[in-house]
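Report on the following structure.
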Amino acid sequence: MKKYNIPTAGYEIFENYEEAEAYVKTCDIPVVLKADGLALGKGVLICTTREEALAGVKEMMLDKKFGSAGNKIVVEEFLEGPEVSCLAFTDGKTILPMITSCDHKRAKDNDEGLNTGGMGTFSPAPFFGEKTAKEVMEKIMIPTVSAMNAEGRPFKGVLYFGLMKTKKGMKVIEYNSRFGDPETQVILPMLKTDLLEIFETITDERLNEIKIEWEDGACVCVVLASGGYPEAYEKGKEITIGDLDEDCILCHAGTAIKEGKLVTSGGRVLGVCARGKDIEDARQKAYKNAEKISFEGMYYRKDIGIKYKDIVRE
Ligand code: GLY
């Protein structure tokens, strides 16, 4: 991203303690410190004061709190703002963005609790208007696909741009070369065009020949999770499903059939998805159907589809 001027969090890499300390003495605060090696997912510190940041650099680089993972650290700008998942189809030449969506990573309402694989989504992102779409295409999507061509690694398929709308514009938080989960559960129900036709035009490098159409309105997905997830949880709980609305889409994730019964077999068990005329309508439909499903220990967030609605659309 740095090489191709793609907007992301500013960062510096240090292998020398004195240099890292000198940098952190004057950098903007809050700041994020990341141990560059493997640290069992614990090697990231978000420091809200300079004292914390200086102590963090010492812990990582001198005291070896994360072992050799702290020999090299990344000092990264702290970004703030609403997040949006922008997926796109590309054949390496043409880029066709999908409808946007917003994930909910934390286990509990109000974005509290532990990080999960995603507890629910809604589509589209309410703050994502034409101006933002243009900015994302020109400053992020086109430069990314061009960069991969320039590096001799042309990409065809689905690109996932995890973005944040900051005061300084849209920034890349992460990339994936796949659909998102549970983003896909709200994107595909909104897709009017035949998905296989899109895939065929990608493999044939004819993506420029088609126009992808999306449904009006919105879609919401509520993930039903096993008690304890994302920490230890039990499997094999029998799932009962009441009379769901005909247009409710139930996506199975962590389920299995054991002795003829539907049982849980994962942390994120089911995604209850519904389309509506707007997010609130879709949200009510999804929750109405979620209430008809049960298994021992089942929990789900009650606030999917609420956030970001007060942010100006532009
Ligand atoms: N929901 C986030 C991801 O698929 O990476």
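Things worth noting here:
- Extension gain, Gln284 back to Thr203 (0.36 nm per residue minus Cα-Cα distance, nm): 25.3 nm
- Annotation: amide H-H contacts under 5 Å for Gly227 (H modelled 1.01 Å from N, sequence separation of 5 or more, or interchain): Met298, Tyr299.
- Pairs exceeding 24 Å between alpha-carbon atoms, taken from Lys42/Lys108; Lys192/Lys302; Lys105/Lys156; Lys108/Lys131; Lys25/Lys105; Lys93/Lys131: Lys192/Lys302; Lys105/Lys156; Lys108/Lys131; Lys25/Lys105.
- Using alpha-carbon coordinates, inclination of helix 279-290 to the longest axis of the chain, degrees: 70 degrees
- Signed unit charges on C-beta, dipole axis of the range 1-105, positive-most listed residue Tyr11, Ala39, Thr49: Ala39
- Cys with no candidate disulfide partner in the chain (beta-carbon separation under 4.7 Å rule): Cys27, Cys47, Cys86, Cys102, Cys219, Cys248, Cys251
- Projected onto its three principal axes, the C-alpha set of the range 116-169 covers 35, 28, 17 Å, listed from the longest axis down.
- Difference of contour (0.36 nm per residue) and Cα-Cα distance, Val44 to Glu215: 57.6 nm
- Debye intensity ratio I(q)/I(0), log10, the range 174-285, q values 0.18, 0.22 Å⁻¹ (C-alpha model): -1.02, -1.20
- On the basis of the beta-carbon distance and an R0 of 45 Å, Lys307 and Glu234 show a calculated FRET efficiency of 0.90.
- Shape class for the chain, computed from the alpha carbon gyration tensor (a ≥ b ≥ c): oblate, with a/c not under 1.5 and a/b at or below b/c.
- Per-residue Karplus couplings for the range 181-192, computed as 6.51 cos²θ - 1.76 cosθ + 1.60 with θ equal to phi - 60°, are listed in order as 10, x, 5, 4, 5, 9, 7, 5, x, 8, 7, 8 Hz, Gly and Pro entered as x.
- Gyration tensor (alpha-carbon) shape descriptor, the range 70-136, a/c threshold 1.5: oblate
- Once both labels are positioned 7 Å from their Cα atoms along Cα-to-Cβ, the gap between Ala55 and Ser177 label points is 4.2 nm.
- Per residue, the solvent-accessible area of the range 250-314 (1.4 Å probe, heavy atoms of protein chains only, all protein chains present) comes to 53 Å².
- Residue-wise HN-Hα couplings along the range 18-25, as the Karplus relation 6.51 cos²θ - 1.76 cosθ + 1.60 with θ = phi - 60° gives them from phi, are 4, 5, 5, 4, 4, 5, 5, 5 Hz; Gly and Pro carry x.
- Considering only alpha-carbon pairs that sit under 8 angstrom and 6 or more positions apart, the relative contact order computed for the range 268-314 is 30 percent.
- Label-point separation, Lys105 to Glu12 (7 Å along Cα→Cβ), nm: 2.5 nm
- Relative contact order, percent, the range 71-113 [alpha-carbon distance under 8 Å, six or more residues apart]: 27 percent
- Counting only protein chain heavy atoms and rolling a 1.4 Å probe, the accessible areas of Glu76, Glu296, Glu238 rank, largest first, as Glu296, Glu238, Glu76.
- Relative to the current alpha-carbon distance between Thr193 and Lys167, full extension at 0.36 nm per residue lengthens the span by 5.9 nm.
- For the chain, the carbon plus sulfur part of the accessible surface works out to 50%, probe radius 1.4 Å.
- Residue-by-residue Karplus 3J(HN,Hα) for the range 298-314, coefficients 6.51, -1.76, 1.60, Hz, glycine and proline x: 4, 9, 8, 6, 9, 10, 5, x, 9, 5, 6, 6, 8, 7, 4, 7, 8
- Three semi-axes of the equivalent ellipsoid, the range 226-314, Cα gyration tensor, whole Å, largest first: 27, 16, 9
- Amide H contacts under 5 Å for Ile293: Gly242, restricted to partners 5 or more places along the chain or on a different chain, H placed in the peptide plane at 1.01 Å from N.
- Partners of Lys237 within straight-line reach, counting aspartates and glutamates whose Cα lies under 13 Å from its Cα and excluding those fewer than 8 residues away in the same chain: Glu259, Glu296.
- Per residue, the accessible area of the range 82-130 comes to 35 Å² when a 1.4 Å probe rolls over the protein heavy atoms.
- In the elastic network of the chain, a GNM with C-alpha springs shorter than 10 Å, the most mobile of Ile73, Ile293, Ile95 is Ile73.
The values are calculated or read from the model by the stated rules, or taken from the named source; none is laboratory data. Please read these numbers as outputs of a predicted model, since none were measured by experiment. Here Cβ is always computed from backbone atoms with ideal geometry, including for glycine, and neighbour counts include all displayed protein chains. To get the accessible areas, we keep the full protein, side chains included, count just its heavy atoms, and leave off ligands, DNA and RNA. Shrake-Rupley method; radii C 1.70, N 1.55, O 1.52, S 1.80 Å.
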